[in-house]
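Heads up, the thing below is written out as structure tokens.
The values are calculated or read from the model by the stated rules, or taken from the named source; none is laboratory data. Just so you know, these numbers come straight off a predicted model, no measurement behind them. Note that each Cβ is placed from the backbone with ideal geometry, even for glycine, and that neighbours are counted across all protein chains shown.
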Amino acid sequence: MSESDDFSGFVDAHLDPVYGFAAARVGRDVADAVVLDVFRSARHTFDRGEGEVLSRSWLLTRTRNRILAHWRLVAERAEPDSAVDAPAPEVRIGTDWNPDQVLDALDCLPGAERAVLALRYLEGRPVAEVAHMIDRPHVTTQQLLAKARRAFHALALPTAAPTAAPV
Amino acid sequence: MQSQSDVFGLEVERALGAAAESPAPISLRKAVLDSVPNDGADGTSGPPQPSPDREA
């Protein structure tokens, strides 16, 4: 098997899970750039003859580092947010979430809201830690999370009122 | 009994988990396979690659 085939096999084995990991955290557009960059690094390592160090863990660590850097940037750029008491949409328990539908909703959220949702619900970080990471007071972070949850539900659930979506 | 906030949170967690199962678009797969290796400038892939001419 040629080296090119080896790398192609590596891509086939790991691209989807690494992309899914990134897309759920930063949305599709940023995920595309992050994942492409990480696999370029992998290719660089592979071409140096160090392909034995490459693994799923190698890829996810680098993907995560880039995502954390992205979130820091988003937090720096975000305007201080105020609480918005949008009416809560109906919550449907046990919804079979369609990945595309979820990613569509995430893509519509402002970066700061996407970041806090991912930090809280994918990374499992306590609100205090999320607040520290985005450099916001604890209460403001709770309010941003609440706003993000509502906006996400309004966007992701077809029955929810679209007017609840942020601009 | 769970508060509405807890329920929201659980559903968001489930939804984001579903999103993580999303496959990479074909265009990205092609871009990855066609990509030129980066130079490791972010420090995550080792030192910058020496010039390809060096070995010749």
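Here are a few things to note about the model shown:
- Some residue of segment A:46-57 being in a helix (DSSP H, G or I), more than 9 Å from chain B (Cβ to nearest Cβ) and buried (at least 22 other Cβ atoms within 10 Å of the Cβ): no
- Close pairs from segment A:62-74: first at pLDDT 90 or above, partner among the small types (G, A, S), Cβ under 6 Å, at least 6 apart: A:T63/A:A22
- Some residue of segment A:17-32 being more than 12 Å from the chain's Cα centre (by Cα) and hydrophobic (A, V, I, L, M, F, W, C): no
- Pairs, first more than 12 Å from every other protein chain (Cβ to nearest Cβ) and on the phi < 0 side of the Ramachandran plot in segment A:111-126, second surrounded by 17 or more Cβ atoms within 10 Å (Cβ to Cβ) and not in a helix (DSSP H, G or I), C-beta under 7 Å, six or more apart: A:G111/A:A78; A:A112/A:A78; A:A112/A:D81
- Restricted to segment A:137-159, and to residues there that are outside any helix (DSSP H, G or I) and in contact (Cβ under 8 Å) with a residue 60 or more places away in the chain, the residue that is nearest to B:V12 (Cα to Cα) is A:L157.
- The set of residues in segment A:24-43 being more than 7 Å from every other protein chain (Cβ to nearest Cβ), more than 16 Å from A:R56 (Cβ to Cβ) and assigned to a helix (DSSP H, G or I) consists of A:R25, A:V26, A:R28, A:D29, A:V30, A:A31, A:A33.
- Scanning segment A:76-124 for residues that are surrounded by fewer than 16 Cβ atoms within 10 Å (Cβ to Cβ), at pLDDT 55 or above and closer than 16 Å to A:Q142 by Cβ turns up just one, A:P80.
- Taken over segment A:30-46, residues that are touching a residue at least 24 places away in the same chain (Cβ under 8 Å) and among the charged types (D, E, K, R) amount to 2.
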